[in-house]
Every structure is written in structure tokens, then in C-alpha cells.
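Rule-based calculations on the coordinates, nothing more; no lab input. Here the structure is a predicted model, which means the values were calculated and not measured. Note that we place each Cβ from the backbone using ideal geometry, even for glycine, and neighbour counts take in every protein chain shown.
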Amino acid sequence: MTFQDIGAITGYHAHVYYGTETKDVAGEVRDAIEQRFDVELGRWHDNPIGPHPMGSYQIAFSPALFPDLIPWLTLNRRGLIVFVHPETGQDLEDHRDRALWLGESQPLKLEIFK
């Protein structure tokens with residue numbers, strides 16, 4: 001087995017999941033992230049999009065920010081589910097094999113990558 005170099009990771013995406021009843025909380029977390037971190041925040045998607053099974057917004061960030069942002073999200077996600085995956089150019093593997101979940105994992109629609 002060959003081990004991969006972490007230099008293959010060009011960035012990360014964190015997807016903050018929310019529902020109708022938790023959208024306000026998701027907004028508060030989003031505002032706090034925007035104030036604290038140099039990230040690119042994606043649009044709000046109130047309905048499932050892509051592989052994601054529920055409403056979400058994306059946080060795109062550099063590998064250098066991982067050791068600060070992910071612990072912050074771990075402590076401050078306010079009960080929301082957060083799906084985190086690397087960006088290596090291998091979408092299926094990044095979403096299926098290399099992902100982290102903060103909160104309960106959810107089934108993704110991985111067939112979109114095949």
C-alpha cells in the first residue's frame with residue numbers, strides 16, 4: 001500500500017447542515033465564522049443539493065486553517081451537523097473515504113460522483 005502525500009489536499013470544505021427549525025442557529029454560527037476566520041462562505045441551500053441530504057451552506061478554507069477552524073466548529077457548532085472533506089480532485093473518495101463528521105453522520109447521495 002502506498003501512502004498519499006498531504007500535499008494532495010488543496011483545500012477543505014465544511015458543509016453546515018440545517019433545517020427550517022435550525023436555520024437561525026446556522027446563521028449565528030455562520031456570522032461567527034465570518035468574523036473569526038478567513039474563509040469563503042457559500043450560498044444558503046434550504047433544500048438538498050448535490051450529495052447533501054438536507055439544507056446546508058459551504059465553508060471553503062485552506063489546509064492551513066484546519067487546525068483552528070475544525071476545533072472551533074467542534075466546540076461551537078451549536079448542535080448542528082457539520083460534514084468536512086478535503087479537496088484532492090477525487091470527489092468520490094473525498095466525500096466517501098476521507099470525510100469527517102461533527103455530529104451524527106448522514107447518508108450522502110454519492111451516485112452523483114460515478
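A few remarks follow.
- Residue match in the stretch 90-101 (condition: closer than 20 Å to I6 by Cα, surrounded by 15 or more Cβ atoms within 10 Å (Cβ to Cβ) and small (G, A, S)): yes
- Sub-7 Å Cβ pairs linking a first residue in the stretch 42-66 that is touching a residue at least 60 places away in the same chain (Cβ under 8 Å) to a second residue that is crowded, with 16+ Cβ neighbours inside 10 Å and of a type in the set (S, T, Y), at least 6 apart or interchain, number zero.
- Unmet requirement for H85, which otherwise passes all of (1) under 19 Å from G42 (Cβ atoms); (2) surrounded by fewer than 19 Cβ atoms within 10 Å (Cβ to Cβ): (2)
- Scanning the stretch 25-49 for residues that are farther than 27 Å from L110 by Cβ and among the aliphatic types (A, V, I, L, M) yields V25, A32.
- When the stretch 1-47 is filtered for residues that are among the β-branched types (V, I, T), surrounded by fewer than 18 Cβ atoms within 10 Å (Cβ to Cβ) and outside any loop (DSSP other than H, G, I, E, B), the ones remaining, listed by number, are I6, T20, V25.
- Considering the stretch 48-112, the qualifying strands (runs of 3 or more DSSP E), each wholly inside and each with 3 or more residues that are over 23 Å from D31 (Cβ atoms) and not β-branched (V, I, T), run over 81-87.
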